[in-house]
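Chemist: Can you keep this structure in mind? I'll have questions shortly.
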Amino acid sequence: FAQEMKNINIWNNVTLIQASDFARTLNPNGGDGTDHAWGGNYMMMGGSVKGGKILGKYPDDITEDGPLTLGRGRMIPSTPWDAVFRGIASWVGIGEGDMLDVCPNIHNFNSSFLIDPNEMFGQVIIPPSPAPTETLPTGSPTVSPFDPPIPTKSPTTSPSTSPTKAIDPPSTSPTKSPSKNTSPTKSPSSNETNDPTPGPTSRPTDTPFCQDEEDYFFLGDTTKDCAWVLKKWERRCEKRDTRPGFDSLEHCRVSCGTCACANDNWLFQNEVGKDCEWVGKKSDRRCGKTGALDNCRASCDIPCCGDNPDFRYDEDPEKDCFWVAKKSERRCVKDGVDKQCLQACGKCDL
């Protein structure tokens, strides 16, 4: 199949995924078969898929005493169904504003449970732009189908720079003269962004208000960024910068655990009235809109505090907050862990 897709040059536009809605138990039943379970795995392949690697978290302990074991070989999933299909939807061009229609439960999971589409795919398909809708006829008398001119069924690829001259006499109800500003500008205004990227980005273009700032450096030292702060956050988050307004607490919010519940300055698409209170009124639909999950955590029933996704105990890449949660009773008492893995250690007000 793959070879045939390559022969007709569409393999990069094809993705196959093997999925199960309930997976199977890890141990057999009385008939030497397996029963319905919960957690499982998917396999995905295609020309644009970044293959040869495993995404998500594999359980450290799959015994009956493991923290993710429900019994009889049934495992609690560590990665939601929505994480995989959100990535596929992004690859085919679905924007974050429409993602709730594809994955209606995605608002139940914060970004630490999701997968960056760029980790799944190496090439993004650019969806074709929808054809412009045809203008409906006005209330003026219709023209006989045999009278010229007959309009084309499809619009031209680019708008004309001036209004089309009428061939027939004007109608009895004249239209308003087109303004001089109807023709497209030849260059973007000074307020516009740079040229668009060739494909959709992995996250909404508006920046989450609570994040570690990539261009922050303590005391202006380029070796002392937020990653440096995180390594010894309990001391470095309290350090005062000699420059007013440049303290680590303000610029390394994730590393220092200073994220708030809501961004009072955020508005959906910068429209007045569409703030976090507006999101909360219809959170089941609006929390899927671009920026809502990052800026309106309380309105979207996401804990105002959470686990720091960049935290690693003793700088061990395997010992993140998910690792802490598996044996939270023992691991949360380790030095500083409960300050970085607030949700894993039960410190959040749910």
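Chemist: Can you pull out the residues in the range 262-301 that are among the small types (Gly, Ala, Ser) and modelled with pLDDT of 80 or more?
Modeler: Selection gives Gly273, Gly280, Ser283, Ser299.
Chemist: Go through the range 42-61 residue by residue and tally those that are at negative phi and open to solvent by less than 70 Å² (accessible area, probe 1.4 Å).
Modeler: Number of matching residues: 7.
Chemist: Right, here's the next one. Looking for whichever is modelled with pLDDT of 85 or more and of a type in the set (Ser, Thr, Tyr) here; the options are Ser112, Ser140, Ser90. Which one fits?
Modeler: Ser90
Chemist: If I go through the range 265-289 residue by residue, how many of them are outside any helix (DSSP H, G or I) and either farther than 17 Å from Asp101 by Cβ or open to solvent by 40 Å² or more (accessible area, probe 1.4 Å) (or both)?
Modeler: 10
Chemist: Which condition number in (1) more than 23 Å from the chain's Cα centre (by Cα); (2) basic (Lys, Arg); (3) under 30 Å from Ile8 (Cα atoms) is the one that Lys50 fails?
Modeler: (1)
Chemist: Do we have any residue at all in the range 75-88 that's within 13 Å of the chain's Cα centre (by Cα) and basic (Lys, Arg)?
Modeler: Yes.
Chemist: Cβ-Cβ distance below 8 Å, separation of 6 or more or different chains: which pairs start in the range 91-109 with a residue that is within 20 Å of Asn13 (Cβ to Cβ) and end on one that is among the charged types (D, E, K, R) and in a helix (DSSP H, G or I)?
Modeler: Pairs found: Val102/Arg86.
Chemist: State whether the residues of the range 69-85 include one that is open to solvent by less than 40 Å² (accessible area, probe 1.4 Å), in a helix (DSSP H, G or I), among the aliphatic types (A, V, I, L, M) and closer than 20 Å to Cys321 by Cβ.
Modeler: Yes, some residue in the range 69-85 is open to solvent by less than 40 Å² (accessible area, probe 1.4 Å), in a helix (DSSP H, G or I), among the aliphatic types (A, V, I, L, M) and closer than 20 Å to Cys321 by Cβ.
Chemist: Now for a different question. Output the residue which, of all residues in the range 304-350 that are loosely packed, with under 15 Cβ neighbours inside 10 Å and assigned to a helix (DSSP H, G or I), is modelled with the lowest pLDDT.
Modeler: Only one residue tops the list, namely Glu315.
Chemist: Filter the range 23-39 down to the residues that are open to solvent by less than 60 Å² (accessible area, probe 1.4 Å) and of a type in the set (Gly, Ala, Ser), then identify the one that is farthest from the chain's Cα centre (by Cα).
Modeler: Among residues in the range 23-39 that are open to solvent by less than 60 Å² (accessible area, probe 1.4 Å) and of a type in the set (Gly, Ala, Ser), the one farthest from the chain's Cα centre (by Cα) is Gly33.
Chemist: Which residue, of Asp221, Asp215, Asp247, is modelled with pLDDT under 85 and more than 28 Å from the chain's Cα centre (by Cα)?
Modeler: After applying the criteria, what remains is Asp247.
Chemist: Okay, moving on. Can you name every residue in the range 33-47 that is over 23 Å from Asp61 (Cα atoms) and part of a loop (DSSP other than H, G, I, E, B)?
Modeler: Gly47
Chemist: Same structure, new question: Could you list, in sequence order, the residues of the range 1-22 that are under 26 Å from the mean Cα position of the chain (by Cα) and touching a residue at least 24 places away in the same chain (Cβ under 8 Å)?
Modeler: Trp11, Asn12, Asn13, Val14, Thr15, Leu16, Ile17, Gln18, Ala19 - these are the residues of the range 1-22 that are under 26 Å from the mean Cα position of the chain (by Cα) and touching a residue at least 24 places away in the same chain (Cβ under 8 Å).
The values are calculated or read from the model by the stated rules, or taken from the named source; none is laboratory data. These numbers were taken from a predicted model, which means no experiment stands behind them. Methodologically, a virtual Cβ is constructed for each residue, glycine included, from the backbone with ideal geometry; neighbour enumeration extends over all protein chains shown. Surface areas here come from the heavy atoms of the whole protein model, side chains and all, with no ligands, DNA or RNA. Shrake-Rupley method; radii C 1.70, N 1.55, O 1.52, S 1.80 Å.
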